[in-house]
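In what follows, a single structure is set out as structure tokens and then discussed.
The values are calculated or read from the model by the stated rules, or taken from the named source; none is laboratory data. Computed from a predicted structure; not experimentally measured. Here the Cβ is made from the backbone with ideal geometry for all residues, glycine too, and neighbour counts use every protein chain on show.
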Amino acid sequence: MKKLRPNLFKGHKYFDVHLLGVYKLLEPLSHIGETRSIESFLIRSFVNDENMQPKETFKYQANAVRGAFRDCVFIYLCNKLNICIPKKQFHMLFSGGSIDSDTKVDTKQHDMLRRFLPALSIIGTATGDSTMRGKLIPGNLYPLVRENQNILPDEFRSDNAPPFRKCTQMYRFNRTDDEKNDNLRKYMAEPDPGQKKIAANERLQIEGEAEPPKEERKKDEKAQQMLYFIEGLNAGTILIQHMYLRDVTELEIGAWVSGWTEFSKAPFLGGNNGKGFGLCAVEFRYQNAGDQEWLGTLLNIGPDGRLALSTEAKEAKDKYDKHLLDIYNKFLESADNKQRIAELISGVTADETA
């Protein structure tokens, strides 16, 4: 069985991995870029064709993938360690942190953080007076439509690819006013008859306004009924994404796998998931960066929601899980565990993880 080829540096193994993500939409995808009145539209982008002519198309932004993946990888970590963390460290993990010029963090502390939290190493964060760059480099997701043929891998190009416009539609949504439903209205409490209501024009006169407004509307009389439209990319559409893991350790590959393990529990992309958007299946092929030959499928989340890991992915994840267990046993069994883990995540203590 072919495996990733490590690079050796100072006695340590590092890998450069190129991943090709193939996403299949099982439900429409919502990724809103513009809203006009009651209509919300997909993000638009331009891609040049082979004649360098710009064509309007759609892309699912890499930053959206990174943000969702960041949540997944740290949800997995917190669940494994069975911990809640202080607010500052919470934002450092889940939101990307912030620059604090009063706290000095040098490169040695960054190296300690990378060894202690491989997940943080691949995602990156801002800590102290500097930024720790992540090793995960995701690309945008592009659907297999006519306008994108010039940038797709050869095997996914087709002369019969449909135009982008034929792969979208507007989805209509209603929200009814349940106060007008005879079967539900009986559950709504009646106003307190002893409470005096002051009309809007009376209130304005009391407050000294010259004239009341021409149209009155009480606060509790706002319309509850709504009609709106959301543009979605059709179910069944396939999207392609290039992703790179640069100079990663086996533990960091395991951390990457853990994020997709968490994602598989609710494999949704984009927004409006509560309205039926975003369910997907995904497969990641992998190779040594720069090679021509794919080594196989590193992981797969099928249409049935089941996660399948390759032998190499499972071995990396098992080692990462053991690393998290070692952290728990070494740092989280004492009474001051919360403060200890917070200090370690912040990189403000001496390196005791070696």
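A few remarks follow.
- Here G33 meets each of (1) of a type outside the set (K, R); (2) within 22 Å of A281 (Cα to Cα); (3) under 18 Å from the mean Cα position of the chain (by Cα) with one exception, condition (2).
- Residue list for the stretch 128-145, restricted to those being touching a residue at least 24 places away in the same chain (Cβ under 8 Å) and basic (K, R): K135
- Subset tally (residues that are touching a residue at least 60 places away in the same chain (Cβ under 8 Å) and part of a strand (DSSP E or B)) for the stretch 8-35: 16
- Test for F58: is it crowded, with 16+ Cβ neighbours inside 10 Å, among the aromatic types (F, W, Y) and more than 23 Å from A255 (Cβ to Cβ): yes
- Condition check for L299: of a type in the set (A, V, I, L, M, F, W, C), modelled with pLDDT of 90 or more, closer than 26 Å to K59 by Cβ and crowded, with 18+ Cβ neighbours inside 10 Å: yes
- Checklist (1) surrounded by fewer than 23 Cβ atoms within 10 Å (Cβ to Cβ); (2) within 20 Å of T311 (Cα to Cα); (3) modelled with pLDDT of 95 or more applied to A289, failing item: (3)
- Filter result (of a type outside the set (D, E, K, R) and either under 18 Å from the mean Cα position of the chain (by Cα) or not in a strand (DSSP E or B) (or both)) within the stretch 239-255: L239, I240, Q241, H242, M243, Y244, L245, T249, L251, I253, G254, A255
- Residue among D71, D100 that alone is touching a Gly at 6+ places or on another chain (Cβ under 8 Å) and among the acidic types (D, E): D100
- Test: D178 is surrounded by fewer than 16 Cβ atoms within 10 Å (Cβ to Cβ), touching a Leu at 6+ places or on another chain (Cβ under 8 Å) and not β-branched (V, I, T): yes
- N63, sole failed condition from (1) farther than 20 Å from Y244 by Cα; (2) exposed (fewer than 15 other Cβ atoms within 10 Å of the Cβ): (1)
- Tally of residues being under 16 Å from C167 (Cβ atoms) and either exposed (fewer than 14 other Cβ atoms within 10 Å of the Cβ) or touching a helix residue (DSSP H, G or I) at 6+ places or on another chain (Cβ under 9 Å) (or both) across the stretch 1-26: 0
- Residue check, S30 out of contact with any Leu (no Cβ under 8 Å at 6 or more places or on another chain), polar (S, T, N, Q) and over 16 Å from L152 (Cβ atoms): no
- Pair list, Cβ < 6 Å and 6+ apart or interchain, from the stretch 261-275 residues that are touching a residue at least 60 places away in the same chain (Cβ under 8 Å) to residues that are assigned to a helix (DSSP H, G or I): E262/C72; E262/I75; E262/Y76; F263/C72
- Residue within the stretch 111-122 that is buried (at least 17 other Cβ atoms within 10 Å of the Cβ) and within 24 Å of Y142 (Cα to Cα) present: yes
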